[in-house]
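This report concerns only the one structure given below.
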């Protein structure tokens, strides 16, 4: 009986060997596309140029991102995503003022689920993750805008918590090389504004905050490789 079970197990392993060998464990991708961005509002400021500004935005611009994923199962993988948008910081109000160039970097750990079998040529996918978004330093000319006594100023960069959510499809004309198209959303927490008071008979009264997020909506396509 033991010998028969051992022979059966060996036969199953031998039969599964080619399939296991063909299973992809690592996947890397590179995408480029167009990113739609927005910013946050704040207290209105009357500047030296005679205009009033109450909003800071990142300008829509091109972006790219890279991913490296490790398959835990044929359909589920965990990976790391790095992305950058080459943007411009804008002040908005009674006019739109381009302050200076600004890059936005995303760093996220993500979990991805692919639909379809290992050998499927077309594979829709969904993913979500968390990490941080870094807004780079901005150099701009402030003469006649903020302070006429200075000609250049630097706004230091900031890093904030963010999540990422994406969906798309991969098409594999070969076992190794494929193409992917996707839409990715990155909401980044910036600040909270006081929205009023909330009173509770047990906990008392406290200020309720209204969170503001800066959003990136990325439409992109690229190449994916699996090994």
Multiply the residue gap between residue 92 and residue 225 by 0.36 nm, knock off their C-alpha separation, and tell me the result in nm, one decimal place.
-> 43.7 nm
Rounded to the nearest 0.05, what FRET efficiency do residue 105 and residue 211 have when you use their Cβ-Cβ distance and R0 = 22 Å?
-> 0.50
Grab the beta carbon distance between residue 120 and residue 160, set R0 = 41 Å, and tell me the FRET efficiency rounded to 0.05.
-> 0.60
Inter-label distance for residue 139 and residue 171, nm, one decimal - labels placed 7 Å from Cα along Cα-to-Cβ = 4.4 nm
What is the distance, in nm, between label points placed 7 Å from the Cα along the Cα-to-Cβ direction at residue 181 and at residue 75?
-> 2.4 nm
Can you pull the one-decimal nm distance between simple spin-label points at residue 192 and residue 68, each 7 Å off the Cα toward Cβ?
-> 3.6 nm
So if R0 is 30 Å, what FRET efficiency would residue 30 and residue 153 give, r being the distance between their Cβ atoms, rounded to the nearest 0.05?
-> 0.25
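Laboratory data are not the source of any read-out in this text; all were calculated from the coordinates shown. On a predicted model such as this, the values are computed, not experimentally measured, just so you know. Counting neighbours? That spans all protein chains shown, and the Cβs are built from the backbone with ideal geometry, glycine included.
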